[in-house]
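The values are calculated or read from the model by the stated rules, or taken from the named source; none is laboratory data. Keep in mind it's a predicted model, so treat the numbers as computed, not measured. Positions of Cβ are generated from backbone atoms using ideal geometry, with glycine treated the same way; all protein chains shown enter the neighbour counts.
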Amino acid sequence: MNLTTRCPECGTAFRVQPLQLSARGGKVRCGKCSHVFDGVTALVAEGQQGSQTEAETEPSPQLALFEAARKGPLGAGEAANEDATGAEFLEEPPPPRRRVAWALGAVLAFLALAAQAVHYFRTEIAVLVPETRPYLAAACATLGCELKLPRRPKLMAIESSDLQADGRRDNVIVLNAVLRNQAQFAQEYPALELTLTDERDEAVAGRVLMPADYLAGHSAEQLARGIGAGTDAALRIYFDTGGMRAIGYRMYLFFP
């Protein structure tokens, strides 16, 4: 049984079948202006068609996708194909420009996130992939950041140390120490906290020594190279006690 529905947008009438109307809950698309409307609500009674010409009531090209339904029973494969076509009947594909914009935005967001991760973990990346260090250093020079060596205090140890009086000068003591980098990669020189104690092991003086303090004879380039993987660094530091009686000391390393 053929029915007639009229597009409320452009006024064009089209022949439809009940199967076509029930496929999408009555929703159809006008083949002339592509307006989607309720085909059931817009049905036109036979007596109201007036003097419309045959051309005006031709099936919509969109609705013609269902013409196979009027040709009798279909095979299983044909029925499946008809269902797939009907599912595409009212699909509104996103405009190409919008899809491109979304894809471009997703790519830019991913690149920004990756750049932030590289910036944050630049030291770890340089350690794990040493070949990247020159490129990371060049990038930091451009961005104004600094590519430092790793700081792993648990992999840095005071291998030995001793405190002695300087026989050539009064009130001067000499601290000898050996630092060992136990890591499999170079590390920064640590800071040293030294506390001098009296005979009761009470603190009489204390000082924090930065690498530039206990390696005063080293150049900035030598300091930047740090302590090599699995190597030792021997230190000798002189202190003027100012007449204080110090017979003992405590020392530990840390990274500020």
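Numbers at a glance
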quantity	calculated
Residues satisfying the stated conditions in the stretch 225-243, i.e. surrounded by fewer than 16 Cβ atoms within 10 Å (Cβ to Cβ) and under 40 Å from the mean Cα position of the chain (by Cα)	ARG225, GLY228, ALA229, GLY230, THR231, ASP232
Criterion violated by ILE237 - all others in (1) assigned to a strand (DSSP E or B); (2) under 15 Å from ALA157 (Cα atoms) satisfied	(2)
Test: GLU58 is touching a strand residue (DSSP E or B) at 6+ places or on another chain (Cβ under 9 Å) and either among the aromatic types (Phe, Trp, Tyr) or at pLDDT below 80 (or both)	yes
Residue list for the stretch 1-29, restricted to those being surrounded by 15 or more Cβ atoms within 10 Å (Cβ to Cβ) and in a loop (DSSP other than H, G, I, E, B)	CYS7, THR12, GLN17, ARG24, GLY26
Within the stretch 132-150, tally of residues that are surrounded by 13 or more Cβ atoms within 10 Å (Cβ to Cβ) and of a type in the set (A, V, I, L, M)	5
Residue count, the stretch 165-200 (criterion: part of a strand (DSSP E or B) and either more than 44 Å from the chain's Cα centre (by Cα) or outside the structural domain of ILE247 (by TED's automatic domain parsing) (or both))	9
Positions within the stretch 240-256 being assigned to a loop (DSSP other than H, G, I, E, B) and within 24 Å of ASN181 (Cβ to Cβ), in sequence order	PHE255, PRO256
Residue selected from the stretch 30-50 under the condition aliphatic (A, V, I, L, M) and at pLDDT below 85, by the criterion surrounded by the most Cβ atoms within 10 Å (Cβ to Cβ)	ALA42
The stretch 122-150, residues that are within 19 Å of GLY226 (Cα to Cα) and either in contact with a strand residue (DSSP E or B) (Cβ under 6 Å, 6 or more places away or on another chain) or not in a helix (DSSP H, G or I) (or both)	VAL129, CYS145, GLU146, LEU147, LYS148, LEU149, PRO150
Only one of ALA80, ALA115, ALA68, ALA64 that is surrounded by 10 or more Cβ atoms within 10 Å (Cβ to Cβ) and at pLDDT 75 or above	ALA115
Selection count, the stretch 151-164, where residues are assigned to a helix (DSSP H, G or I) and either among the aromatic types (Phe, Trp, Tyr) or surrounded by 15 or more Cβ atoms within 10 Å (Cβ to Cβ) (or both)	1
Test: residue in the stretch 210-230 that is among the hydroxyl-bearing types (Ser, Thr, Tyr) and modelled with pLDDT under 90	yes
